[in-house]
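Participant: Have a look at the structure that comes next, please.
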Ligand SMILES: [Zn+2]
């Protein structure tokens, strides 16, 4: 009953964008281990039923941690700060890393893991938070307290079965094999990369434009989304996205070294000498050329590597257009940036 009510609460609170990001993350990285990747995503989005969350949803439960009895069971407490949880962290392969990462909101904790851990360790990270939650439920629902080593064994066994499953997907060819190389790559240290994308609506001749600037740690420096009306085709839409993106970074005075688009035509126009005379969108392409400078490299990348910009371009039809600099990055961008880093 409690779970059902919480599910309803989540259903109301979970935005379309969060749900779509969850589905996207649910695909490649954790192979067949759906329960783990979905749990990790729920934890990141503060939608797992720890005691404080339940109380926030008006359920008549104590908000106190039932394992240590030393404080309210927030997500941070349940998965990181509780003495029982931190013993698991400290006993794991990530103990040294964990000892310097114990503060702040859970989302920042996850983001820090994405930025500072290698992919293999990131898998361990996700597996540990899942095992800690598994042990927490054993205690709360069956009053059975697992020892630290038992929790780590649960994490290890689940990890092995997941890895076996992952190997299976590599051996058996699938219709759409997952390409692990298809992910967003950060720029070199000290440089900035801008990703732009367009979402064209033929029925209304509108184009949603998304632009995001990140540094070598994956940190968002600026981002924007906008709607332009009167656009008649996808190529014009991609060109508009590039022009708007260049205007945006110029307005902010950002020095961009790399620009990525998932339109190969636009990347070609930007990076090669092309005769624009007589081209149907020649004037627009000339405007883009005028805004590019010799320090910028413009590249084509597949859609899978351009998810954050695509997300901004699509979501502008559900939200108001916005322009944000470093001090005001909207919270709802974080999940897609997180997804870019973990996959
Ligand atoms: Zn506790």
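The values are calculated or read from the model by the stated rules, or taken from the named source; none is laboratory data. Quick caveat: nothing in here was measured; it's all calculated off a predicted structure. Glycine also receives a Cβ, built like all others from the backbone with ideal geometry; neighbour counts cover every protein chain displayed.
Participant: Please list, ordered by residue number, the helices (runs of 4 or more DSSP H) wholly in the range 43-106 having 1 or more residues that are within 9 Å of the ligand (Cβ to nearest atom), surrounded by 15 or more Cβ atoms within 10 Å (Cβ to Cβ) and not assigned by TED's automatic domain parsing to the domain that holds residue 129.
Facilitator: Correct list: empty, since no element meets the threshold.
Participant: Taking the range 253-272 on its own, how many of its residues are surrounded by 15 or more Cβ atoms within 10 Å (Cβ to Cβ) and in a helix (DSSP H, G or I)?
Facilitator: Summing the residues that are surrounded by 15 or more Cβ atoms within 10 Å (Cβ to Cβ) and in a helix (DSSP H, G or I) in the range 253-272 gives 6.
Participant: Output the number of residues of the range 273-300 satisfying the condition of being buried (at least 19 other Cβ atoms within 10 Å of the Cβ) and under 25 Å from residue 338 (Cβ atoms).
Facilitator: 0
Participant: Which numbered condition trips up residue 167, out of (1) modelled with pLDDT of 90 or more; (2) over 25 Å from residue 45 (Cα atoms)?
Facilitator: Single failed check for residue 167: (1).
Participant: Test residue 267 against the criterion of being out of contact with any strand residue (DSSP E or B) (no Cβ under 9 Å at 6 or more places or on another chain) and assigned by TED's automatic domain parsing to the domain that holds residue 322, and give yes or no.
Facilitator: No; evaluated as a whole, the condition is false for this residue.
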